[in-house]
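Report on the following structure.
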Amino acid sequence: MPELRHAHDAARAIVVAALGRDPGPMDAVESSSHHVFVGPDIVVKIIDAVGHTRLNREIALAPHLPTGLAAPLLDSGLHRLGTGDVRYACYARVPGATPGVGMPGVDGETARLLAENAVQRLDGLHGWVPTGEAEQTLREPPDHGGFVSRAAFRAGVEDLAALDRHRTVPRRLLDGLTAIAERAPLRARTVVPVHADCHWDNWLARDRGVTALLDFEWARFGEPADDWFFLARFSGPHMETVLDVIARATGTSPETLRAECEIREAAHLTSDLRLAFEHPEAHGWMAADRLRDLEELVVGRYWWRGAR
């Protein structure tokens, strides 16, 4: 990643060259993977062009997404910065602010309204029939770390146990993962376009309604539960409300929905812990957080504690 100061200068130069005008004051926004700068009416994302393909994916999909779902793409391409290139995408700024992971400060009624809006938007995404470049892009899924098949899930748990040379993961948690894997379907379906990262940091909302879904870098073909998991899991104290909204809107039984979400969380946690143990220098920071989540999932029976 380029240094923040250089990235800020590059963002301004990109807007001037691409749109032919000064963007006005631009503030840096926290991001784990990109430099993101927000102006009065524009958003610019920048990342090293070499070795990073996720922004390419978002750029390829942006012109084809259902109308009104995401921020409009204004321009994209490569920009020379120092001795290398950065890839950029300029978007029109959509009104609203992110509710945030865990929906901090959001009251129950607002959480329900936001969830109803989000489910409606996602239903539109799931009903979209992409063609051409968009279909091709979605059929080349990234290594998303989610549920693929029962066999792959089992193998992932076995790999995790082998990589855990210091026995950091208690046996009861590995056994819990194995039990969840045994209840999983033989394989995941790839039948509809899914966002696959639609936690509440990736939504914008205003006046108790959502205005846009952001960051389509993990979008692929999957099944609706791949999105319902992210929407519910990262809604903090409103998880039961969000599950109820999803179940009612989709006609899914609450038990089926909880089981589908549990499988997906277990697969993601297994993948993240494997990554943390295999590459501790780059990803070791994840281990403690993921272990806490795994304890909550298996011992605390996270997806079932509110079931009636």
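The values are calculated or read from the model by the stated rules, or taken from the named source; none is laboratory data. These numbers were taken from a predicted model, which means no experiment stands behind them. As a convention, Cβ positions derive from the backbone with ideal geometry for all residues, glycine included, and neighbour counts pool all protein chains shown. In case anyone asks, the SASA skips ligands and DNA or RNA and just uses the protein heavy atoms, side chains included. Shrake-Rupley method; radii C 1.70, N 1.55, O 1.52, S 1.80 Å.
Data for the structure
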| item | result |
| --- | --- |
| Any hit, segment 298-307, residues being free of Cβ contacts under 8 Å to residues at least 60 places away in the same chain, assigned to a helix (DSSP H, G or I) and not basic (Lys, Arg) | no |
| Qualifying residues in segment 187-206 (those that are part of a strand (DSSP E or B) and in contact with a Ser or Thr (Cβ under 7 Å, 6 or more places away or on another chain)) - the one least open to solvent (accessible area, probe 1.4 Å) | Trp203 |
| Number of positions in segment 95-120 that are assigned to a helix (DSSP H, G or I), open to solvent by 70 Å² or more (accessible area, probe 1.4 Å) and within 19 Å of Phe229 (Cβ to Cβ) | 3 |
| Criterion (in contact with a strand residue (DSSP E or B) (Cβ under 9 Å, 6 or more places away or on another chain), part of a helix (DSSP H, G or I) and at pLDDT 95 or above) met by exactly one of Asp227, Asp244 | Asp227 |
| Among (1) within 17 Å of Thr67 (Cβ to Cβ); (2) open to solvent by less than 50 Å² (accessible area, probe 1.4 Å); (3) not polar (S, T, N, Q) - the single one Tyr88 does not satisfy | (1) |
| All positions within segment 41-50 that are farther than 27 Å from Ala97 by Cβ and either under 20 Å from the mean Cα position of the chain (by Cα) or part of a strand (DSSP E or B) (or both) | Asp48 |
| Among the residues listed as Gly209, Gly236, Gly222, the single one being touching a residue at least 12 places away in the same chain (Cβ under 8 Å) and in contact with a Ser or Thr (Cβ under 7 Å, 6 or more places away or on another chain) | Gly222 |
| Cβ-Cβ under 8 Å pairs, at least 6 apart or on other chains, segment 23-34 side within 18 Å of Leu74 (Cβ to Cβ) and aromatic (Phe, Trp, Tyr), far side at pLDDT 90 or above and assigned to a loop (DSSP other than H, G, I, E, B) | none |
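One line per residue, one yes/no per condition, for (1) charged (D, E, K, R); (2) open to solvent by less than 20 Å² (accessible area, probe 1.4 Å); (3) under 20 Å from the mean Cα position of the chain (by Cα); (4) under 29 Å from Arg206 (Cβ atoms):
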| residue | (1), (2), (3), (4) |
| --- | --- |
| Ala92 | no, no, no, yes |
| Asp123 | yes, no, yes, yes |
| Gly127 | no, no, yes, yes |
| Pro142 | no, no, yes, no |
| Gly145 | no, yes, yes, no |
| Arg150 | yes, no, no, no |
| Arg154 | yes, no, no, no |
